[in-house]
C-alpha cells in the first residue's frame, strides 16, 4: 500500500531540504517482518520529499542482531537506522550499540512522545536513556473462537480459572481442543507471563533467582495442566506454530502476542476469518501486561544521525500513524489511533493496547545475560511439562542453574 499525503506534514523534513544540509543518502538495517515491509513502503515518498536516497539491507532475525553489534564494534559506520528486537535492548545498551535519542525526541513535535502511555514511552529505554523508538506494541492477549463460544454459551474468560473451565468445556463437548499455548521452543514467553501473572518473579531486586517460589510453581503448574486441553503435538509448538495451529485447527483459545493479528486477517492463513475475537489476557493474582515488540533507532557509529532521525520522524510521526498501520505493520500503541474507526475495522484488538495504569507492565528482562538465562529456562521446561520431573523439583533445579548466570550480570 502506498502511504498517503499525510506523509508530507513533517516540517522538519522540509526545513532540512530548504537548508540544503541533508546527506545524499542513508542506509537502513531492517529485519524481515511486517514492520520492515511497512517502513519500506514509505521510502519513495521520503526520497521524493527530501532528495535523500534510502538504501535498505535486510538480514534474517537469527543473525541480524549479532551482525549489527559486530558492525558497530568495528566502527564501520555502515548503518544510519537499525531495527532490533526489544530483547536485545539491554545487550545493545551495555555495548553502546545504539545512540541515545532523547534530545531528538524531546525536540520533535512531529514524533510527539506524549501520544504514548508512560509504559510505552519507557519501552525503548535502557539505563535511563531512550535507545530505540517503539516500532510495534505487542501485549500478550487472549484470542478465542467466537463460533465455538457461542455454540456452548461460554463467556469470555476473565481469569485463568475461567480460561481452564472454558478449555475443558470445549474439549469435553467434542468441538475441538480447548486451547493452545506455546509449550515448545518459545515456551519462555509463556513461562514469564504465567509466573508474573500468578504473583511471582524471575528474580528479585538483587538478581537472586525466584522461579521456585509458590507463586512461580502455581503459574508453571497451570502452564503444564493446560497441555491436557491442547492439540496433539502441542508440546513442540513454537510461537509461530501456536498461531498457525489456532488459525487452522478447531482450537477454542490461545494466549499470544497481539502482533500476530496480521496473519489472522488473510484467508490463506486462517480458516476462521470472521470467527476470531480478542480480549485482555486472563487475570491472575496480579494484573500484569506482558509487553513485547520491535524497536528502531540510530546506531552509535551512524555517519548521518540527523538525516536518520528525519527518516524515523517521517515514517513514525504522529500524523503518519494511521498510514503506517494501513501499510501492514504491527500496531504501535499511540493513543491517537486506538479508537480510529478505519483501523478498528481491520485491527479490532487496538483498544487492548491502551494499557491501564493499574496493570503492571512486564517485558523481557533487560539483562545482558538474558540469552543465557532464556536457554536455561528452555532446557529445563520440557521435562517439567511432560511430567518427567515434578514441577517443584524442576523449578528448584532451574533456580540453582540461574544463580550463577544472574551473578554474571553485575560481575566486573
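The values are calculated or read from the model by the stated rules, or taken from the named source; none is laboratory data. Worth saying up front: this structure is predicted, and the values here are computed from it rather than measured. When we count neighbours, we look across all protein chains shown, and the Cβ atoms used for this are built from the backbone with ideal geometry, even at glycine.
Quick notes on this structure:
- Odd one out for residue 218 among (1) outside any helix (DSSP H, G or I); (2) over 23 Å from the mean Cα position of the chain (by Cα); (3) free of Cβ contacts under 8 Å to residues at least 40 places away in the same chain: (1)
- Residue that is in contact (Cβ under 8 Å) with a residue 24 or more places away in the chain, surrounded by fewer than 21 Cβ atoms within 10 Å (Cβ to Cβ) and in the same structural domain as residue 322 (by TED's automatic domain parsing), where the choices are 69, 74: 69
- Hey, residue 245 closer than 18 Å to residue 395 by Cα and not in a loop (DSSP other than H, G, I, E, B) or not: no
- Here residue 261 clears all of (1) over 30 Å from residue 53 (Cβ atoms); (2) at pLDDT 90 or above; (3) buried (at least 22 other Cβ atoms within 10 Å of the Cβ); (4) out of contact with any strand residue (DSSP E or B) (no Cβ under 6 Å at 6 or more places or on another chain) except the condition numbered (2).
- In region 168-189, the residue that is nearest to the chain's Cα centre (by Cα) out of those that are surrounded by fewer than 24 Cβ atoms within 10 Å (Cβ to Cβ) and in a helix (DSSP H, G or I) is 189.
- Of all residues making up region 228-253, the number that are without any contact (Cβ under 8 Å) to a residue 40 or more places away in the chain and touching a helix residue (DSSP H, G or I) at 6+ places or on another chain (Cβ under 7 Å): 2
- Residue in region 177-194 that is assigned by TED's automatic domain parsing to the domain that holds residue 371 and over 24 Å from residue 238 (Cα atoms) present: no
- A single entry from 129, 118, 158, 150 fulfils the requirement of being in the same structural domain as residue 226 (by TED's automatic domain parsing) and more than 23 Å from residue 189 (Cβ to Cβ): 150.
- Counted residues, region 270-296 - those being more than 16 Å from the chain's Cα centre (by Cα) and in a strand (DSSP E or B): 5
- In region 375-394 there is no residue that is touching a strand residue (DSSP E or B) at 6+ places or on another chain (Cβ under 6 Å) and in a helix (DSSP H, G or I).
- Matching option when the condition is without any contact (Cβ under 8 Å) to a residue 24 or more places away in the chain and more than 28 Å from residue 157 (Cα to Cα), among 342, 313, 268: 268
- Filtered residues of region 330-345 (kept if assigned to a loop (DSSP other than H, G, I, E, B) and surrounded by 14 or more Cβ atoms within 10 Å (Cβ to Cβ)): 330, 331, 332, 333, 334, 338, 340
- Of all residues in region 330-350, those satisfying the criterion of being farther than 21 Å from residue 122 by Cα and in contact with a helix residue (DSSP H, G or I) (Cβ under 9 Å, 6 or more places away or on another chain) are 339, 340, 342, 343, 344, 346, 347, 348, 349.
- The residue of region 89-108 that is farthest from residue 297 (Cα to Cα), among those that are touching a residue at least 60 places away in the same chain (Cβ under 8 Å) and outside any helix (DSSP H, G or I), is 108.
- Inside region 17-51, residues that are touching a helix residue (DSSP H, G or I) at 6+ places or on another chain (Cβ under 6 Å) and either at pLDDT below 50 or in a loop (DSSP other than H, G, I, E, B) (or both) make up a count of 5.
- When residue 300 is tested against (1) in contact with a helix residue (DSSP H, G or I) (Cβ under 8 Å, 6 or more places away or on another chain); (2) modelled with pLDDT under 90, just one condition goes unmet, and that condition is (2).
- Among the criteria (1) buried (at least 22 other Cβ atoms within 10 Å of the Cβ); (2) assigned by TED's automatic domain parsing to the domain that holds residue 89, the one residue 303 does not fulfil is (1).
- In the set 308, 327, only one residue is touching a helix residue (DSSP H, G or I) at 6+ places or on another chain (Cβ under 7 Å), assigned by TED's automatic domain parsing to the domain that holds residue 118 and within 23 Å of residue 46 (Cβ to Cβ); that residue is 327.
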